[in-house]
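A.B. asks: Input: one structure, supplied below.
The values are calculated or read from the model by the stated rules, or taken from the named source; none is laboratory data. In this text the structure is predicted, and so the values were computed from the model without any measurement. Neighbour counts run over all protein chains shown; Cβ positions are idealised from the backbone, glycine included. Remember, those area values only see protein heavy atoms, side chains included, never the ligands or the DNA or RNA. Shrake-Rupley method; radii C 1.70, N 1.55, O 1.52, S 1.80 Å.
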Amino acid sequence: MKENVKIIGSVLSGIPWEDRPEGINNPAWRFSKNPIIKRNQLPESNSIFNSAVVPFEGKFAGVFRCDDTARRMNIHAGTSDDGISWKIDSLPVRFKGKIADELISEYKYDPRVTWIEDRYYITWCNGYYGASIGAGWTKDFKEFHQIESPLMPYNRNGVLFPRKIRGNFALLSRPSDSGHTPFGDIFYSCSPDMTYWGCHRHVMGTLGADSLWQSTKVGAGPVPIETTRGWLLFYHGVLNSCNGFVYSMGAALLDLDEPWKVIMRSGNYLLSPQAEYECVGDVPNVFFPGAALADSRTGRIAIYYGGADTVVGLAFTRVDILFDWLEEHNKI
């Protein structure tokens, strides 16, 4: 590695962790006890996946995508002492809103959560006259408030940066269409107040034959992690195979002050659906990263991901190992 890279942020001594197994050379590795959340963990859940996790009051809290046995898509709050064993509320999150239009929602799925200044902001894919980005906040994971949607339909994968950039809230998204989008690039937007959004900038798009795992569409994954060299972004890339879409995870490094500028991005996938619970499920062949915990002292990173649109798994990496790999496999 050209220079020592460090995570900028809190010390998270209780981060879930398992050392890389002997004989594994990949820069990221799966938790040996995956999946940590099974599909039927709630009495009426068909599946629990693509969820968001954050540190909370010395422990952990999160918002989880739960599809019930009527196949309604919704998000539920949950808590954990160790980030591995989770207690998830049986009822979906009920948001409060200032005006009725804010609360229109045919469905909610694929949430992300981040702490900014004085509260936890939540974004998700919201059914508001088509797929759009919903937004809200909480301070205690008990009372939730919904706010205006950041962008018009159709859009998915709305991911907020964990601090303001140049005095503005900052958001990554993937404009799409009303269906199961066969295309998609990542864009950047900013806002002074979480209501009015603009300065939309293209971040990165798909690659071609040299990197087929991300040749159909790409989308932001967990909340970006601030490092001394830039914003570390885990993202998903999609291959349109003869057996349908295949979702894998890559990594990119964005400029700290101008995050629409990509410094590095991986030409090879970091992890792809290979374990049985990633290949077999309601939607086979999906490795979908949705949240990451990072410890600034050790450089450890724990990544939460959805497997086959059915369960939640954990994977691990370390920032020094990851940056060495990213430099070796950089496609910029």
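A.B. asks: Quickly run through segment 152-201 and pick out the residues that are β-branched (Val, Ile, Thr) and within 23 Å of SER215 (Cα to Cα).
C.D. replies: VAL159, THR181, ILE186
A.B. asks: Being among the small types (Gly, Ala, Ser) and either open to solvent by 30 Å² or more (accessible area, probe 1.4 Å) or under 29 Å from HIS180 (Cα atoms) (or both) is the filter here, so list the residues in segment 271-295 that pass it.
C.D. replies: SER272, ALA275, GLY281, GLY290, ALA291, ALA292
A.B. asks: Go over the candidates LYS96, LYS59 one by one and state the one that is at pLDDT below 95 and under 21 Å from PHE141 (Cα atoms).
C.D. replies: Testing whether each residue is at pLDDT below 95 and under 21 Å from PHE141 (Cα atoms) leaves just LYS96.
A.B. asks: Here's another thing I want to ask about it. Spot the failing condition for LEU232; the list is (1) without any contact (Cβ under 8 Å) to a residue 60 or more places away in the chain; (2) farther than 30 Å from ASP68 by Cβ; (3) within 17 Å of the chain's Cα centre (by Cα), and only one is missed.
C.D. replies: The failed condition is (1).
A.B. asks: Considering each of TRP86, TRP115 in turn, give the residue that is at pLDDT 95 or above and surrounded by 20 or more Cβ atoms within 10 Å (Cβ to Cβ).
C.D. replies: TRP86
A.B. asks: Then there is this: Taking segment 58-77, which residues are closer than 22 Å to GLY127 by Cβ, of a type in the set (Gly, Ala, Ser) and surrounded by 19 or more Cβ atoms within 10 Å (Cβ to Cβ)?
C.D. replies: GLY62, ALA77
A.B. asks: List every residue pair whose Cβ atoms lie under 7 Å apart, where the two residues are 6 or more positions apart in sequence or sit on different chains, the first residue falls within segment 247-258 and is over 13 Å from PRO289 (Cα atoms), and the second residue, located anywhere, is open to solvent by 40 Å² or more (accessible area, probe 1.4 Å) and part of a strand (DSSP E or B).
C.D. replies: LEU253/ILE263; LEU254/ILE263; ASP255/ILE263
A.B. asks: A further question follows. What pairs come out if I take residues in segment 168-197 that are among the charged types (D, E, K, R) and pair them with residues that are open to solvent by 50 Å² or more (accessible area, probe 1.4 Å) whose C-beta lies under 6 Å away, six or more apart or interchain?
C.D. replies: From segment 168-197, the pairs are ASP177/TYR154.
A.B. asks: Against the conditions (1) under 24 Å from GLU328 (Cβ atoms); (2) in a strand (DSSP E or B), where does SER51 fall short? Just the number, please.
C.D. replies: In the conditions (1) under 24 Å from GLU328 (Cβ atoms); (2) in a strand (DSSP E or B), SER51 misses (1) alone.
A.B. asks: Same structure again: Examine segment 101-110 for a residue that is assigned to a strand (DSSP E or B), open to solvent by 80 Å² or more (accessible area, probe 1.4 Å) and not acidic (Asp, Glu), and state whether such a residue exists.
C.D. replies: no
A.B. asks: Another question, if that's okay. Failed condition for GLY208, given (1) within 20 Å of ILE332 (Cβ to Cβ); (2) among the small types (Gly, Ala, Ser); (3) open to solvent by less than 20 Å² (accessible area, probe 1.4 Å), with all others met?
C.D. replies: GLY208 satisfies all of (1) within 20 Å of ILE332 (Cβ to Cβ); (2) among the small types (Gly, Ala, Ser); (3) open to solvent by less than 20 Å² (accessible area, probe 1.4 Å) except (3).
A.B. asks: Which of the numbered conditions does LEU91 fail, given that it passes all the others? Conditions: (1) surrounded by fewer than 17 Cβ atoms within 10 Å (Cβ to Cβ); (2) closer than 30 Å to ARG318 by Cβ; (3) among the aliphatic types (A, V, I, L, M).
C.D. replies: The single condition LEU91 does not satisfy is (2).
A.B. asks: ASN126 passes all but one of (1) in contact with a Cys (Cβ under 6 Å, 6 or more places away or on another chain); (2) free of Cβ contacts under 8 Å to residues at least 24 places away in the same chain; which number fails?
C.D. replies: Condition not satisfied by ASN126: (1).
A.B. asks: Among the residues of segment 136-191, what is the count of those that are under 20 Å from the mean Cα position of the chain (by Cα) and small (Gly, Ala, Ser)?
C.D. replies: 8
A.B. asks: Then there is this: For the structure I just gave you, tell me whether CYS199 is in contact with a Cys (Cβ under 6 Å, 6 or more places away or on another chain) and surrounded by 16 or more Cβ atoms within 10 Å (Cβ to Cβ).
C.D. replies: No.
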